[in-house]
Amino acid sequence: MSTETLLQSTQTVTADERDLKAAEQLSVVAAKLKQELGRVIIGQDEVLKQILIALLSKGHCLLEGVPGLAKTLMISSFADLLSLNFSRIQFTPDLMPSDITGTEILDEEEGTGRRHMRFVKGPLFGNIILADEINRTPPKTQAALLQAMQESKVTTAGQDFPLEPPFLVLGTQNPIEQEGTYPLPEAQLDRFMFRVNVNYPTYDEEVLIAEATTGQGLPTLSPLLEKKSILGLQKVVRRVLIARSVTEFAVQLARGTRPESDESPDFIKKYLTWGAGPRACQSMLMGAKAHALLDGRVHVSTEDIAYVAYPVLRHRLVTSFTAESDGIATDDIISMLIER
């Protein structure tokens, strides 16, 4: 779909009407995206939806799930449908920062014999980056990735190399094997907008997966959006309307997770040792705007905030020993907080 079709701009159409038209057309594209991906990926609709929300919000995602759930295939197919460049980086204990950002090499000009340094870009220079098993590489390499996520550029030898937008990092973690890993500290986890749980498929879905993957080859996917369209939609997301009461609802959720605050309920003081900071509130508002846009609306409701609260907050809350002994997970605490 062309940029002109998705984001019509004429002198006779107001900005609000143009945004509403973009929202309506985006909801149609999202349905087609789900349908097209369904030819390759069975299930995981919520995972794909949350990745699309993060992309429209200029955020990044941390995916957590056991091996064999088709995370790599899902993300590469997602990139193909959006006409975006896809790079996969397999993180290992011996991976160096220059292995992902790029390195300088010495070049010699033919004829003149002059030598000069030339920067060779690494796999980080793409649109959608799959950082596979991000917790298996040392902190120095993790820091290089996180710095690029935050600044959207790579700096080497005093020179900046900007990363082409849109830029989305999808880091994965294996929840069952923690031997020989370098867990990301809470301050670095906060750099990720969402933490998305990739769960096992249902029985019916797994039967379909078994049939589809042992038959003929995967179908070829046709792109549904262009880069310019995605960049335009990222601007539309920021113009989505949000009432003061809805903003206050998001702020109350974030502040309610802090055990030391007088505003937090008793179960927060019991089950949490650390709560979410202001960045969580910003992520909830941006994610809710993108969620509303996917639904064909240009205004945010409290339901949009409640939907994105789970992927935004679950990696920003540190549970206490009492929560672990009582079998209370972060999602349970978020549900209790929303109901309150």
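The values are calculated or read from the model by the stated rules, or taken from the named source; none is laboratory data. Predicted model only: the values in this text are computed from it and were never measured. Note: ideal-geometry Cβ built from the backbone for every residue, glycine included; neighbour counts use all protein chains shown.
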### Task
Identify all residues within the range 232-268 that are more than 20 Å from Asp295 (Cα to Cα) and among the basic types (Lys, Arg); write none if there are none.
Arg244, Arg255, Arg258
### Query
Does the range 120-138 include one or more residues that are of a type in the set (Ser, Thr, Tyr) and more than 21 Å from Thr72 (Cα to Cα)?
no
### Query
Among the residues of the range 130-175, which ones are touching a residue at least 40 places away in the same chain (Cβ under 8 Å), assigned to a helix (DSSP H, G or I) and of a type outside the set (A, V, I, L, M, F, W, C)?
Asn135, Arg136, Pro139, Lys140, Thr141, Gln142, Gln150
### Task
For Ala243, work out the one condition from (1) modelled with pLDDT of 90 or more; (2) surrounded by 21 or more Cβ atoms within 10 Å (Cβ to Cβ) it doesn't fulfil.
(2)
### Task
Quick one: in the range 52-77, of everything that is under 18 Å from Ile209 (Cα atoms) and in a helix (DSSP H, G or I), which residue is nearest to the chain's Cα centre (by Cα)?
Ile75
### Task
Only residues that are hydrophobic (A, V, I, L, M, F, W, C), under 17 Å from the mean Cα position of the chain (by Cα) and closer than 17 Å to Ala276 by Cβ: list them for the range 293-336, please.
Ile305, Val308, Ala309, Val312, Leu313
#### Entry: Selected residue [in a loop (DSSP other than H, G, I, E, B) and touching a Ser or Thr at 6+ places or on another chain (Cβ under 6 Å)] from Ala290, Ala276
Ala276
### Task
Restricting attention to the range 68-123, report how many residues are loosely packed, with under 13 Cβ neighbours inside 10 Å and either within 21 Å of Gln44 (Cα to Cα) or touching a Ser or Thr at 6+ places or on another chain (Cβ under 9 Å) (or both).
4
